[in-house]
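See structure below.
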Amino acid sequence: MATPLTPAKITAALAALPGWTCKRDALEKAFKFGSFREAMSFMVRVSFEAEAMDHHPDWTNVYNRVVIRLNTHDAGGKVTAKDIELARKISAISWVG
């Protein structure tokens, strides 16, 4: 079972993850792309990283907007180091805010 991070550790990690917040026991960020095609290509690219980590985001897509929420089900739906790692990878992939 994964270990949830303390609020202090989450806050420290968020300092290096611009645009990410912690809401309702999950890391969250909204991305706005130039088109639906861009949003979908971003989601496909993220899906490869998520699958490689065996850690899959909760996300929504409406036209050019993608909202991602990350938490770890094995940790009771709390934020863990795995969520921070995936958020870092997602941020590195994104070409928008």
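Bear in mind these aren't lab numbers, they're just calculated from the coordinates by the rules spelled out. Bear in mind that the values here come from a model prediction, so they are computed numbers and not experimental data. Don't worry about glycine lacking a Cβ; one is built from the backbone with ideal geometry, like all the others, and counts go over all protein chains shown.
The figures follow:
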item	result
Of all residues making up region 77-90, the number that are in a strand (DSSP E or B) and not basic (Lys, Arg)	0
Number of the exception - residue 76 against (1) within 19 Å of residue 5 (Cβ to Cβ); (2) surrounded by 13 or more Cβ atoms within 10 Å (Cβ to Cβ)	(2)
Cross-chain or 6+ apart pairs with Cβ under 6 Å, region 33-45 first and small (Gly, Ala, Ser), then in a helix (DSSP H, G or I)	none
Filter result (of a type in the set (D, E, K, R) and either closer than 13 Å to residue 86 by Cβ or in a strand (DSSP E or B) (or both)) within region 18-76	23, 28, 29, 32, 45, 49, 51, 54, 58, 65, 69
Flag for residue 48 being farther than 22 Å from residue 11 by Cβ and free of Cβ contacts under 8 Å to residues at least 60 places away in the same chain	yes
Region 1-18 residues that are within 14 Å of residue 75 (Cα to Cα), paired with ones that are crowded, with 17+ Cβ neighbours inside 10 Å and hydroxyl-bearing (Ser, Thr, Tyr) (beta carbon under 9 Å, 6 or more apart)	2/72; 2/80; 3/80; 4/72; 4/80; 5/80
Residue in region 5-17 that is nearest to residue 89 (Cα to Cα), counting only those that are more than 16 Å from the chain's Cα centre (by Cα) and not aliphatic (A, V, I, L, M)	9
Count - residues of region 1-17 that are under 17 Å from residue 71 (Cβ atoms), in a helix (DSSP H, G or I) and either in contact with a Lys or Arg (Cβ under 9 Å, 6 or more places away or on another chain) or of a type in the set (A, V, I, L, M, F, W, C) (or both)	3
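Conditions (1) under 16 Å from residue 95 (Cβ atoms); (2) within 14 Å of the chain's Cα centre (by Cα); (3) surrounded by 13 or more Cβ atoms within 10 Å (Cβ to Cβ), marked per residue:
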position	(1), (2), (3)
2	no, no, yes
22	no, yes, yes
37	yes, no, no
52	no, no, no
63	no, no, no
66	yes, yes, yes
71	no, yes, yes
